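The values are calculated or read from the model by the stated rules, or taken from the named source; none is laboratory data. This one's a predicted model, so the numbers in the text were calculated from it and none came from an experiment. Every residue, glycine among them, receives a Cβ derived from its backbone with ideal geometry; neighbour counts consider all protein chains shown.
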Protein chains: 2
Amino acid sequence: MTRSRQPTSRDVAALAGVSVATVSYVMNGRTDRRIPAETRDRVLEAAGRLAYAPNRSARSLRNRRTEQVCLVVGSIGVPAYDQLAQDIHDRADDAGYGVLTIVVNSPARAAKAVELLQQRIADGAVIAPDIRFLDGAELTGLARGGLPMVVMSNTAPPDGFDVVRAPQTPACDAAFDHLFATGRRRVAFVGHRYEVDDPSTSERLTAYLAALGRHDAEPDPSLVVTGADDRVAAYHAVTALLDRPDPPDAVFAASARAGVSAIWAARDAGADVPGELAVVGAGNLPESLITRPALSTVGPATEDDFTEVARLLFDRIDAGVPERGRELSDPWAFHPRGSS
Amino acid sequence: MTRSRQPTSRDVAALAGVSVATVSYVMNGRTDRRIPAETRDRVLEAAGRLAYAPNRSARSLRNRRTEQVCLVVGSIGVPAYDQLAQDIHDRADDAGYGVLTIVVNSPARAAKAVELLQQRIADGAVIAPDIRFLDGAELTGLARGGLPMVVMSNTAPPDGFDVVRAPQTPACDAAFDHLFATGRRRVAFVGHRYEVDDPSTSERLTAYLAALGRHDAEPDPSLVVTGADDRVAAYHAVTALLDRPDPPDAVFAASARAGVSAIWAARDAGADVPGELAVVGAGNLPESLITRPALSTVGPATEDDFTEVARLLFDRIDAGVPERGRELSDPWAFHPRGSS
DNA sequence: CTGTTAGCGCTTTCAG
DNA sequence: CTGAAAGCGCTAACAG
C-alpha cells in the first residue's frame, strides 16, 4: 500500500550525513553559500534516492509566497480565455511561477474562490471579464487584504487593483447604426442567458435597446432571445426566428460562435445572408473569416492578446498593492465584413 | 500602500480576548468542543473586523492535506474537457474540495506539473487523456510517492493509480469498414499535429493505416494531413484536399470540430456530402446533430459523462494509493449519421 | 469550557 | 564551510 510518509529534508540530511540547512541550501541552488561540490553531490544523490520533493505548503508558509498566480475565469471552453490562459502561462513560466485556474460559474464558487484567494493560495490573481458573481467591493476587499490583482472589467473602479477594460458600447452603437442605415428594421438580439435575464448587466443589450430608440424602431420583446451561450442553442434560436411569420431582417449575436451559427442557420433555412438576413457577432473568433459570407463582428480592435494583462499582474506582484490601480483600455471596434 | 501584514489567528485571539486554540475551534466550527455562543460570537466578530482568513499554507502543513484536487489537462477550449472539468468541480464541491487546473501543453510544463504534484499541491489528481508529455513511469512514480490519482489513458497500466480507458480502435475500424464497404477508395485523414507527426501515438491513425491494408487501398501519404487541432485549420485542410485534381471521396477527421469544418468546407466547395465526400468525425459534440447532413462520428457510446472519473478520484483519496489500481473501460462506438 | 504548548517541513539568521 | 535553533500560522493533545 501507500508508502508510510513523504520524505522530508530531515530524511535527506540524515542519509547524506549533513544538516537540514545544508539540504535546503543545496536544493535551492544558493550560490551565496559556497557548498563544496562533494557535499552538494552527496545531498543531491540522497534526495534523488528518496525521491524527495520539498513540501510546498511548508515552503510557502516559511517564504510567505506561494509562487503561484491564480487565473479566475467564468467558464472554460470560451475561445478568448484560451488565449488569456496561454498568455498568463507564458509569462508565469518566465517568472518561475505556476498558474492555478479556478472556474467560477456560480455564486457559491465565487465565494469559494474569494476565500481561497484570501487564504493566500496564490501571490496574485487575474480576474477574467465574465465573472458576474464577483462585485467590485469584494475585489477591493481582497486587494485591501494585500492581494495583487488585475481585474478585467468594464465597470469596476481600479480600487486597490489594476483594471483593464474593453468598452463595447461604441462598437455596438456603430454596428447597430450600420444595420439601421442599411435599411434593417427588425433586428433580433441573440444573447447570453444572463444578459437576457437582466439587460442592465450587458453593454450589448443596452446598446441594442438604445439603438432601437435612436432609430425609431418598435421594440419587439420576442426578438430578444437567448442562445449565445452555445453553438447549438444559437443555431436553434436563429432557425426559430427565421421560421416565424414575421422573421427578423438582422441578427445581432452576443458571441462570435453564435454569429457563426446564425449564418449556418440562415443558409440551412435558405435565407440569403446578408440579403435577407444581416448577421453581426460579438468577439474575436478566427472562424469569422471562413464563413460564407465572412461574419461581421464587434470585438477587440486587434487579435486577442493578453500579454499586457500578464505583464501588469507580475508588475503588480513586484510592486505590491496600490491605493489606486492603473487603468488600461482597449475599446472594441466594429469590423464590417460580408454578413451585414 | 499595502496593509502591513495579514491578520493571523493570534491577532483575532488578542482582539477577542481568547486563546488561539479557541479561535481555531470556532473557525472550524467544531461541534465536539462546546464553545458558549457568547465566546463564539466574540471570536467571529473579531475575525470579521480583521477580515481574517486562516492561512492555507499553514493549515495544509499542519493538517497534511490541502483539500484541493488537481485536474491536469493538455489544453483548454476542448469541448470534452469542459465536461470533465464540470463533473470534477461538482464532485469536489460536494466533498468540500477545491479544484486546481493545470494546463500541460509542453514537456516543460509537464515537468513542472509533476513537480507541483510531488510537492503535494493537491491531495489527488486527475490526469486527462490528452497529456502526451507524461508517461506511465512518471505517473507511477508520483503514485508511489503517495499521490492518489486517476489517469485517463488507453495505454498506461494501472500501476499505483486507477485508470479509465476509452478504447477507440474498434469504433474506428467499424467506421473505416463502413467507408470502404460503401465504395470509398480515397479516404483522407485529417489529424492532430502530434499524431500526424508520430502515427504510432494515435489509435485513430493506426486504425486508418490498418484499414487501408485490410481493404487493399493504396496508401497515399498526401491524404494524411493536419488540421484537427482547430476549426479554421480543418476548414482550410479540407478545402485544399477538395481542390486537388484527385480529391478524396471521404474524410476521417480526428476531432468532431474538424468534422464539422469538413462539412462546411465541402458545402462551400460545392461538393455534396455524402454523395461526393463522406465525412466522419471523432468525439462527441452536440453540433454533430445540427450540421447538414448530420455528422457521423466515432466517439463515446453515450454523452460525455465523467462523474465516474470524479467518483473514482475521491474514492481513491479516501482509500489511499493502491498497489494495483482499478481499471474502467468505456469503449468508443461508431455513430453513423447522414454524412457517411 | 479554555489555554498552553508541541510540532507540521521548511528557510535563515547566527555561531562555530 | 556547516549546524543549531527559531519561527512562519495553524491544529490538537493535554492540562487546568
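Screening B:Glu38 with (1) more than 7 Å from DNA strand D (Cβ to nearest atom); (2) loosely packed, with under 13 Cβ neighbours inside 10 Å; (3) within 14 Å of another protein chain (Cβ to nearest Cβ) gives one miss only, at (3).
Restricting attention to the stretch A:1-26 and to residues that are among the hydroxyl-bearing types (Ser, Thr, Tyr) and surrounded by fewer than 18 Cβ atoms within 10 Å (Cβ to Cβ), the residue that is nearest to DNA strand C (Cβ to nearest atom) turns out to be A:Thr8. Set side by side, the residues A:Asn63, A:Asn55, A:Asn105 differ, and just one is within 16 Å of DNA strand D (Cβ to nearest atom) and within 30 Å of A:Glu308 (Cα to Cα), which is A:Asn63.
Only one residue in B:Ala125, B:Ala143 is modelled with pLDDT of 95 or more, surrounded by 22 or more Cβ atoms within 10 Å (Cβ to Cβ) and outside any loop (DSSP other than H, G, I, E, B). Which one?
Details: B:Ala143 fails: modelled with pLDDT of 95 or more.
None of the other options fit; the residue is B:Ala125.
Okay, residues lined up against (1) within 11 Å of chain B (Cβ to nearest Cβ); (2) closer than 24 Å to A:Ser329 by Cβ:
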{"site": "A:Asp87", "(1), (2)": "no, yes"}
{"site": "A:Gly96", "(1), (2)": "yes, no"}
{"site": "A:Ala110", "(1), (2)": "no, no"}
{"site": "A:Gln118", "(1), (2)": "yes, no"}
{"site": "A:Ala137", "(1), (2)": "no, yes"}
{"site": "A:Gly145", "(1), (2)": "yes, no"}
{"site": "A:Met149", "(1), (2)": "no, yes"}
{"site": "A:Pro157", "(1), (2)": "no, yes"}
{"site": "A:Gly160", "(1), (2)": "yes, yes"}
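Among the residues of the stretch A:298-337, which ones are outside any loop (DSSP other than H, G, I, E, B) and among the basic types (Lys, Arg)? Across the stretch A:298-337, the qualifying residues are A:Arg311, A:Arg316, A:Arg324. Only one of the numbered conditions (1) at pLDDT 95 or above; (2) under 18 Å from A:Leu285 (Cβ atoms) is not met by B:Val251, and that is (2).
Being more than 14 Å from chain B (Cβ to nearest Cβ) and within 16 Å of DNA strand C (Cβ to nearest atom) narrows it down to one residue among A:Gly48, A:Gly29; which is it?
When all the criteria are applied, what remains is A:Gly29.
Applying the criterion of being more than 14 Å from chain B (Cβ to nearest Cβ) and of a type in the set (Gly, Ala, Ser) to the residues of the stretch A:277-309, the residue that is surrounded by the fewest Cβ atoms within 10 Å (Cβ to Cβ) is A:Ala301. The residues of the stretch A:310-330 that are loosely packed, with under 14 Cβ neighbours inside 10 Å, more than 14 Å from every other protein chain (Cβ to nearest Cβ) and either farther than 21 Å from A:Asp90 by Cα or in contact with a Cys (Cβ under 9 Å, 6 or more places away or on another chain) (or both), listed by number, are A:Glu327, A:Ser329.
Can you find a residue in the stretch B:155-166 that is over 21 Å from the mean Cα position of the chain (by Cα) and farther than 24 Å from B:Pro107 by Cβ? Within the stretch B:155-166, none of the residues are over 21 Å from the mean Cα position of the chain (by Cα) and farther than 24 Å from B:Pro107 by Cβ. Among the residues of the stretch B:62-104, which ones are more than 9 Å from the chain's Cα centre (by Cα), modelled with pLDDT of 90 or more, buried (at least 22 other Cβ atoms within 10 Å of the Cβ) and part of a strand (DSSP E or B)? Matches in the stretch B:62-104: B:Val69, B:Cys70.
Considering only the stretch A:245-264, how many residues are outside any strand (DSSP E or B) and in contact with a helix residue (DSSP H, G or I) (Cβ under 8 Å, 6 or more places away or on another chain)? First the steps, then the outcome.
Residues of the stretch A:245-264 outside any strand (DSSP E or B): A:245-249, A:254-264.
Right, trim to in contact with a helix residue (DSSP H, G or I) (Cβ under 8 Å, 6 or more places away or on another chain) and you get A:247-248, A:254-262, A:264.
The number of residues fulfilling the criteria is 12.
Selection of the stretch A:14-52 for residues being in a helix (DSSP H, G or I) and free of Cβ contacts under 8 Å to residues at least 12 places away in the same chain yields A:Ala14, A:Val20, A:Ala21, A:Tyr25, A:Ala37, A:Glu38, A:Asp41, A:Gly48. Considering each residue of the stretch B:71-93 in turn, none proves to be within 11 Å of DNA strand D (Cβ to nearest atom) and not hydroxyl-bearing (Ser, Thr, Tyr). Inspection of the stretch B:262-274 finds no residue satisfying the criterion of being under 17 Å from B:Gly338 (Cα atoms) and within 22 Å of the chain's Cα centre (by Cα).
A search for C-beta distances below 6 Å between a residue of the stretch A:248-269 that is in contact (Cβ under 8 Å) with a residue 12 or more places away in the chain and any residue that is crowded, with 24+ Cβ neighbours inside 10 Å and basic (Lys, Arg), counting only pairs 6+ apart in sequence or on different chains, returns A:Ala254/A:Arg204. Counted as qualifying within the stretch A:160-217 are the helices (runs of 4 or more DSSP H) with 3 or more residues that are surrounded by 17 or more Cβ atoms within 10 Å (Cβ to Cβ) and in contact with a Phe, Trp or Tyr (Cβ under 8 Å, 6 or more places away or on another chain), namely A:169-181, A:203-214. Looking at the stretch A:98-112, can you tell me whether even one residue there is within 16 Å of DNA strand C (Cβ to nearest atom) and of a type in the set (Ser, Thr, Tyr)? No, because not a single residue in the stretch A:98-112 is within 16 Å of DNA strand C (Cβ to nearest atom) and of a type in the set (Ser, Thr, Tyr).
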